[in-house]
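Data block below; observations after.
Please treat every number below as a calculation from the coordinates, not as lab data. Just so it is clear, the model here is predicted, and its values are computed rather than measured. So basically every Cβ, Gly included, is an ideal-geometry build from the backbone, and we count neighbours across all protein chains shown.
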Amino acid sequence: MSAAGTPIRDLDTPSVLVDLDRLEANIARAAAFAREHGISLRPHCKTHKVAEIARMQLAAGAVGLTVAKLGEAEAMADHGFGDIFVANQIVGPIKVRRAVALARRVRLSIGIDHIDQAVALGAAFRAEGSELPVHIEIDTGQRRAGVLPGAAAVELAEAVSRVDGVRLDGVFTHQGHDYLVPSRDEVRAVALTAQDAMVATAEAIRAELGTGCRVSIGSTPSLIDGALRAGVDELRVGAYVYLDASMANVVGHHDWCALTVLSTVVNRPTAARAVLDAGGRALSRDRRGAGTVLGTPGYGHVVEYPEMVIDRLSDEHAVIDNAGAGVAIGEKVRIIPNHAGGVSNLFDHVFAVRAGVVEDVWRVVARGRNR
């Protein structure tokens, strides 16, 4: 697919645009934060799923990649990436066999939060004559996966230490509940509370087992706030590369948002209504929950007409009920979606643009790799 040199106004719609100046600045900003604090950066690729962007992250200093699914890890391995952490639980013989096969190609590590997961992985890797690095997921308040910090985590670490075929390397968390609190001050409080729990848990595991235990944390709102405790070894963030309308409410502006969806006004049924050709299959249907990220009404921020609200989505249409008289059929607009990571899984390609002109076209290589 060749489109280099094409002005974005001449692209068909809906299309995903990635502003290279903003993307590069976002990558550099996170890399500088990690360097300044002496910690490793292992970005989460589920946000973009693009090999070219992952290469940019590594070139800026990232030590490896984080993914959500084995399929994403396999896609990144196919494109030459050799150090991958799957921040998810691997359960069932099919996935365990895939993990063993993948570990023959890359330096693989995997998250666990139950001894049964460690036992199954250990048996498979022991049969291979190898050892899999694993990291225990800690629930620091999101109430999704993970064991509680403190005694429960130490107990699991002790059990894992007795399983042949796996090696405990550390603990990790995603303090995703910082998306839900109503202020920047509370984002910081969530981040620091989670980090305190993680550092204390790692210290307790080291004391009990006499081994190392790295501390890895995630969540872009906490990165934006800049809160970091001593004792954190690694930062895993994903949304920072693109940001989106939700993250703009944390940052306080849209100037860092690198991903937009280009859409065409296809109808003006009434004086106030405009219909666009980017529906739920282009913008995703994510409206985010209450909290710091809330603040963008509707289904995204229209760059050219920030006062307009995308009130409704169907599969292939977005409906705006407060469009001004100047919005014309055939006009193209850019929409900053509420959740850029959700949009990434809806398109085969993204257009890398600078100053309104396409420089390159990137394939979303891990699109649909949900298993």
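With θ set to phi - 60°, apply the Karplus curve 6.51 cos²θ - 1.76 cosθ + 1.60 along segment 29-45 and write out the HN-Hα couplings as whole Hz, x wherever there is a Gly or Pro.
Residue by residue, segment 29-45 yields 5, 5, 4, 5, 4, 5, 4, 4, 9, x, 10, 7, 10, 10, x, 8, 7 Hz.
I'd like the Karplus ³J(HN,Hα) series for segment 235-247: coefficients 6.51, -1.76, 1.60, θ = phi - 60°, whole numbers in Hz, and an x wherever there's a Gly or Pro.
For segment 235-247, the Karplus-derived couplings read 10, 10, 10, x, 5, 4, 5, 9, 6, 5, 4, 5, 5 Hz, x marking Gly and Pro.
Treat the count of other C-beta atoms within 10 Å as a stand-in for reagent exposure and order Tyr305, Tyr179 from fewest to most.
Tyr305, Tyr179
Which FRET efficiency value, to the nearest 0.05, is calculated for Asp21 and Asp196 with the Förster distance at 35 angstrom and r the Cβ-Cβ distance?
On the way: r = 37 Å, r/R0 = 1.06.
For Asp21 and Asp196, the calculated efficiency is 0.40.
Any idea what the dipole of the chain comes to, in debye rounded to 20, about its Cα centre with Lys/Arg Cβ at +1 and Asp/Glu Cβ at -1?
620
Just to confirm the number: angle between the C-alpha axis of helix 93-103 and the first principal axis of the chain, 0 to 90 degrees, nearest 10?
90
Which of these values of Cα extents along the principal axes in Å was calculated from the structure shown: (i) 55, 52, 44; (ii) 80, 48, 43; (iii) 70, 43, 35?
Given (i) 55, 52, 44; (ii) 80, 48, 43; (iii) 70, 43, 35, the structure-derived one carries the label (iii).
Arg285 versus Ser2, label points 7 Å from Cα toward the beta carbon: distance in nm?
4.1
Hey, if you put +1 on the Cβ of every Lys and Arg and -1 on every Asp and Glu Cβ in the chain, which of Ala123, Pro133, Cys257 ends up farthest toward the positive end of that dipole?
Ala123
Working from Cα positions, state the angle (0 to 90°, nearest 10) between the long axis of helix 184-209 and the longest principal axis of the chain.
20
Please compute the length gained on full extension between His349 and Arg35, using 0.36 nm multiplied by the number of residues separating them and subtracting their Cα-Cα distance.
Numbers: separation 314, 0.36 × 314 = 113.04 nm, distance 3.16 nm.
So the chain would gain 109.9 nm between His349 and Arg35.
As a check on your grasp of the helix formula, calculate [θ] at 222 nm for the chain: sum -39500 (n - 2.57) over DSSP H runs of n ≥ 4, divide by the residue count, round to the nearest 500.
Details: 11 runs with 119 residues, N = 371.
Helix contribution divided over all residues of the chain: -9500 deg cm²/dmol.
As a test of the definition: which semi-axes, in Å, follow for segment 20-241 when you take the square root of five times each eigenvalue of its alpha carbon gyration tensor? Largest first, please. Show your work: numbers first, answer last.
Values: eigenvalues 140, 103, 39 Å².
The answer is 26, 23, 14 Å, longest axis first.
When we measure straight from the Cα of Lys46, which aspartates and glutamates land under 17 angstrom away, once same-chain ones fewer than 8 places off are left out?
Glu72, Glu74, Asp78, Asp83, Asp244, Asp286, Asp348
Considering only Ala25, Gly231, Ile8, whose Cα is most displaced toward the positive end of the charge dipole of the chain, charges sitting on Cβ of Lys, Arg (+1) and Asp, Glu (-1)?
Sorting the options by dipole projection puts first Ile8.
What size of dipole, in debye to the nearest 20, comes out for segment 20-241 about its Cα centre when the only charges are +1 on Lys and Arg C-beta atoms and -1 on Asp and Glu C-beta atoms?
540
For the residue pair Ala152 and Asn267, what label-to-label distance in nm results when each label sits 7 Å from Cα along the Cα-to-beta-carbon direction?
5.1
Would you mind putting 66-74, 222-230, 259-267 in packing order, based on average other-beta-carbon counts within 10 Å, highest first? Don't jump to the answer; show the numbers that get you there.
Details: 66-74: 23.3, 222-230: 18.6, 259-267: 21.7.
Per-residue mean Cβ counts within 10 Å order the peptides as 66-74, 259-267, 222-230.
Relative to the longest principal Cα axis of the chain, at what angle does helix 151-161 sit, 0 to 90 degrees, rounded to 10?
Once rounded, the angle reads 70 degrees.
Mind checking the dipole of segment 1-100: about its Cα centre, +1 per Lys or Arg Cβ, -1 per Asp or Glu Cβ, Debye to the nearest 20?
Computed charge dipole of segment 1-100: roughly 460 debye.
Using a Förster distance of 35 Å, how high is the FRET efficiency between Ala325 and Asp12, based on the Cβ-Cβ distance and rounded to 0.05?
0.85
Got a sec? How would Asp360, Asp178 order by Cβ neighbour count within 10 Å, fewest to most?
Details: Asp360 15, Asp178 30.
Ranking Asp360, Asp178 by Cβ neighbours within 10 Å, fewest first, gives Asp360, Asp178.
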